Structures are given as structure tokens and as C-alpha cells.
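First up is the structure itself, then whatever we jot down about it.
The values are calculated or read from the model by the stated rules, or taken from the named source; none is laboratory data. Here the structure is a predicted model, which is why all the values come from computation and not from measurement. Every residue, glycine among them, receives a Cβ derived from its backbone with ideal geometry; neighbour counts consider all protein chains shown.
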């Protein structure tokens, strides 16, 4: 009984490594972080064999980013680590191995400048590019003909990025432009390294013949600088591929028209045409793409053969291809599968990703056969207007073609078509979360059509949306059992008795007073190294205070505790690996650190869609594509929960901007909601069943997500079969009793028990809703035990 007791209380936090060693921040986890970083960095350009740097190459490294390395984004995605390996340090290690020689005066210039800025109060990623003297450039050119240009970017929670020329964010700053101009004029061989958590302008080097190579190194965690050096010198062959479309300008993204139109709302007028679904469909849009979705270069070459398709025994479509390494070095290949639907009555994107797979490390002339399988539901259309069948997932009649290849544009046709003689209804649903104020939606030709909206319900009439009677009263089932008067036995039962099977959960809960339950439905104070509060904490009944911890780039705990953890690469980089197995490994490794420090729920993964390049929190999210987001999230959840730790899938839903996120209304069609912004959540819930889901701050079509019953109960639980607990994001603006009524079980970081009790007394909150939420909380805790 003792081990179970310790686990259910998450006390004490004991080392989980062999022979009593701690796993938190251990060498194995740091090595995993570095390995993942190398696999997700994307080689965007490589002409004239600029990379990898040949053995013994002398190199001059320009840019403060070589010393000011950004390991990850700010806010919940930050971590406290023992060290961060910068690019300069990574290249120094390669110099020590005799592989390259770095021009030290230049390295010293940037190191001293960045150190001085840090001493003056600057933070990583927020230093200014120093003025580069002509003399230093001249000395560097005398040393070598090869230069590396480094650029870094930082973004974080609660604010969005800027997209103005010379802003030093999406675009280069004046100082960076000055540096780039000098270096390109002096050096015949130049490679660019981008250390960023989100998209930025790439036009300045894509078509510039003076730039030979460009590596998108993302934010690679604590070993990111060394991981980038691994690729630059050829110790690792790059195999990362983009999970976003990089356009020639910010204005080329359809979301740019209204991303910052208002602090109070955003109209998703592009509808389902997000990312490559827009650029590969809308006439003329393809020309504005710098690097297409799925793109990524390698140091080796690959060939596809024996490309096949058909139905398998499970009723799924199976596409396969044999991949052969035809180059001179070992490498990995990502096989991406796309569907091309027939035109019909419903406007559809010209193509959509339906699956992917990645090879093992293939030696030259080695081959591997990959198979991608998926159900027809994977490319079904949600009909929210009744063109085929209203409120149903449908497949219109016709032939559905398939392609496989290395990105959305470089593909080969599969000699198989999924053909339908008649329209097919795959799933009949009912309207949910219908828009009330969305004015129009985009069609496949780039034009817009007015959209029929549901009548707007004034926010003061929210009770009608929650099913509360006009008089605002619910009769108490037992008028004698009012808060403060519930009978409590002299010897209180303990939750451990439920865990051990000596007491049923129903029997245990029948003894809880309304006051007990109201207290359980709010976040609880921190203890130990935690700093994001906990769940439970009813000591008289043995309900533990289960601590939470931020993610997703590693365990984030109080810096003043002196505990350093592993900083893994940002989520976007992990998605660019196209390798769910390595994401699963990171989930398990991070969960072991979480568990070892006495914490029960890791607040990750976050899977909101990259609707726009300027969302300040894109580094925490995976992709513009919901399938990629859902598959990566499912792998992360599986890894986390394999270690007995709960995952928290967030932010549900449509949290696609940070500025004024707590009061901004995301206005979108039900089809866009289901096909783009909920699809990743749906996939993850059905595949991995996270123990918790975190609702988002924002409103969705006029209602705060945290109080939206159609979203939290009807869709999440009713349609998808979610079995876990829902929490709010921290300090949402909706009243707690409306959240409980909607199916949002726990309010974080703390609730308002007195107000909940008052609403129960007044009949505005059903006691049975409170009981259901408490049950979900206790069931979640018992699953952790």
C-alpha cells in the first residue's frame, strides 16, 4: 500500500534514475534534445555546395545571434537550465575537433558586445545588432572567403509580433540590413543561420545569388547552437521539413488583412483556406510562395519507386513507396501524402495532407518501403450550409486522387483513385458554435461570399445559451443539504481507499459537502518547486494537491529553487522533424522530470494553428496544418502519459493571437472551426486521450471558450468521446459558475468557492453539474496514482 500512497500524493519526489541518480536535466535527456534539434532544423537553400563546410574550412561568423542564442520562447514555454549552448560555442567545439577554424577576433567582438548588453539589462533575443566596422570585415575577409550570417528572434506569451519593414522582428532591422550588405559585398561564400521560433521574411536571401545556403535552425533548446553546428559541418545530414508555408511577404497571407484589425475580434474570413490550402488553391497565390509547405533540403538525394495505392483490410486507403538513398551520405526522407479532391458543390482546397512517414537513417544505396494509411474520413468535408447534407461530414461524388513526395509541390501521382458514384454521408452531426458576426467567407477562386449567421445573443442573455430557465432558478434536489450543513462522519474516508478498491468513488463523493466540492473546483496553492498551482487539495479526505507545471519545451519550475531541467526544442522545430517517435521520446523524457519533481500534470502540448506568422506564441504550436498538429500532439501525450503523468492539451480553441487574448472574439464559420481549428484536437483526443484539456482565453463566435457548452460538452465529450477533465487557462474572465455549467471542471489558477456556493443557493448552478465536475477531477487524480 505504501508505494500507491506515495504516488497518489506525489510525495516525496524521489530520483527516478538508476542507482538513485536524478533524471532531471540528465545527460541522456540533453542528448535527446540535441538529437531532436538536428532532426527538425530545415535546410532552405544550398547552392554550389556551400554546406556542409568542408573539413578544415576557415569561417568568419557575423551577427550577435552567434552569442545571443535563443533556446525557446517566453512565458509558459520557458525553462530554467544549467546552460545554453550558443552557435559560437557549438562552432568552437567543432574547431576543437579539428573540423573548422573560426575567426576569433570577430567571435570575441560579438561575445563582448552581447555580454555588455546583458549586463545592462537586455534579455536573450532582445539585444541589438552592433555596428560592424569596415576594418573588422576586412580582417575577416583576409582570414577566409567563407562567412556565416546569424539572425535571431524572440517572441513570447501575451503579445504578438510585428510585421513592419525594418522592425527587427518579421523583417530585418536597419542594423541587420547594414551587416548583411557588408558581408555579402565582401565574401563569395555565405551561409545564413536563422535562430527563430516563428516565420520571418526569407525573400532577402532566397533569390540572392550572393547567399549560398540558409539553415532554419528554429529555437533548438539548450543544445541548439551545437545542433546547428552539427549540421553546418556535416556531422548530421539535415532532414527537417517545413510545417508552414513561407511566403514572399506578410501581406501575402490572407490572415494579414484582419489579424490586427481590432483588439476585440478577429474575422477568419479566409475560412478553410489557411496556409498551403490557400497558396495551392487560390488563383495567383502560388507565385507568392518562397518555400512551400513540407519543403526541406538534404545533403544527399533520394528516389521513389514502386509507388502504390489501394484499400487495406481495415477499410483504410494505404499508399506506399520505396525510398532509396541515391546520394553519398546517410540521410532520412520524409514521405508526405496528399489528396486532390474532385470539384463539387462545396468549395474545397485543391489539396490536403492526409498522412506522412519518415525513414530510418538510410546509408547510400539503402532502401526502405514506407506506407501511409488513413480512413476516408481524413479528407471529408464538413457541410455547414447544406450543399450536400447540412451539419454532416461528407464526401462528394467523383474521383479522389493521391500524390506522395517530399513537399506539397514536389510529388508523384499514385496510380490509385478513391471513386464515389454518389455523395457519401460519413457522419451526421448537429450545428455547433455557429458564427453570429462573421460577415463573409472565402471561396476556392479567391472571391468572398456573405455567410448566413445565427442571431446574435447579447452577452447578458448567456443563461439561455446554457439552458438555464428564464427565472434563473434550479430547485435544489435536497433543500436540507445546503452548504455548511452536510453531514460528515467523524472518521472521514480517504481517497486512497478508492484507489485500493476499499471504497467506490460514488461512496466517497456522497460524503463530500457542497463546500468541499466548490473548493475542489478551483486551482490550489503551489507547493514544492511548482509555480503554476495544483488540483485537488482536500487533506481531510486524503485528496492530494496535485501540482501542475508549464511546458511544452521542458519542465518549467521556480527559478529560485535552483533546480535546472532539460530545455527541449520548440514545438515548431519538433513538428519539422516529421518524426512522431522522437516527439514521443521527448514526451516521456519530460514527463520523467515532471514526475521526479513531485508534479502530476504537465501543461502541454499546445496545438493551436499557425493562422498567421505574427502570433507571438507560434513557437509553442506545431503547424499551419491540423493533421501535423494532431499527430505530433498525440505522440507527445502518449509519451507523457506512459510515465504516469497527465498531459494537458491546450488551448481549446482558436487561440491564434496573443494581444488581448482574454477578450478577443475569434469569429469563424463552423466548417473552418471543425476542419482546421478543432481537427488537431479531435485527432489527439481520439488517439491519445489526454487526461486534461485546457480551454482557451478567447471567445469563439461570441462566447468565451471556457463557458461554451457546445464546444466543451457537445463536441469534445459528446462527439469525440473525451473522458478526462477540462480546466480553464489561468484567470479567465468568464464567471466560474457559467464555466462549470458548460463542462469546464476546474478554474485555474484559483476558483471562487464562495461565489460557486452562492450560485448553487440561488439555483443558477445545478448541483449535479458540480458533482460531475468533481467526479472528473477525482477520476483524473486516481489515474495518476
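Among the residues of the range 185-202, those that are over 26 Å from residue 75 (Cα atoms) and touching a strand residue (DSSP E or B) at 6+ places or on another chain (Cβ under 6 Å) comprise 187, 189, 190, 191, 192, 202. None of 737, 731, 697 is surrounded by fewer than 20 Cβ atoms within 10 Å (Cβ to Cβ) and assigned by TED's automatic domain parsing to the domain that holds residue 621 except 731.
Restricting 167, 145 to those that are touching a residue at least 12 places away in the same chain (Cβ under 8 Å) and more than 18 Å from residue 67 (Cα to Cα) reduces the list to 145. Tell me whether the range 506-529 contains one or more residues that are within 27 Å of residue 572 (Cβ to Cβ) and either assigned to a strand (DSSP E or B) or assigned by TED's automatic domain parsing to the domain that holds residue 572 (or both). So far as the range 506-529 goes, no, none of its residues is within 27 Å of residue 572 (Cβ to Cβ) and either assigned to a strand (DSSP E or B) or assigned by TED's automatic domain parsing to the domain that holds residue 572 (or both).
Every residue in the range 318-373 that is surrounded by fewer than 17 Cβ atoms within 10 Å (Cβ to Cβ), in a strand (DSSP E or B) and within 26 Å of the chain's Cα centre (by Cα), please. Selection gives 371 alone. Looking at 302, 293, just one residue is assigned by TED's automatic domain parsing to the domain that holds residue 362 and either touching a residue at least 60 places away in the same chain (Cβ under 8 Å) or out of contact with any strand residue (DSSP E or B) (no Cβ under 6 Å at 6 or more places or on another chain) (or both), and that residue is 302. Between 682, 638, the distinction of being under 23 Å from residue 709 (Cα atoms), modelled with pLDDT of 95 or more and surrounded by fewer than 24 Cβ atoms within 10 Å (Cβ to Cβ) belongs to 682 only. Against the criterion of being crowded, with 19+ Cβ neighbours inside 10 Å, at positive phi and in contact (Cβ under 8 Å) with a residue 24 or more places away in the chain, residue 125 qualifies.
For every residue, the table says whether it meets (1) under 27 Å from residue 74 (Cβ atoms); (2) in the same structural domain as residue 59 (by TED's automatic domain parsing); (3) part of a helix (DSSP H, G or I).
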| residue | (1), (2), (3) |
| --- | --- |
| 231 | yes, yes, yes |
| 251 | yes, no, yes |
| 259 | yes, no, no |
| 266 | yes, no, no |
| 281 | no, no, no |
| 286 | no, no, yes |
| 306 | no, no, no |
| 309 | no, no, no |
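For the residues 588, 606, the requirement of being closer than 19 Å to residue 531 by Cα and either without any contact (Cβ under 8 Å) to a residue 12 or more places away in the chain or under 18 Å from the mean Cα position of the chain (by Cα) (or both) singles out 606. Do we find that residue 59 is in the same structural domain as residue 128 (by TED's automatic domain parsing), under 25 Å from residue 188 (Cα atoms) and either at pLDDT 95 or above or not in a loop (DSSP other than H, G, I, E, B) (or both) in this structure? Criteria met by residue 59.
There is at least one residue in the range 174-195 that is surrounded by fewer than 22 Cβ atoms within 10 Å (Cβ to Cβ), under 18 Å from residue 94 (Cβ atoms) and touching a residue at least 12 places away in the same chain (Cβ under 8 Å).
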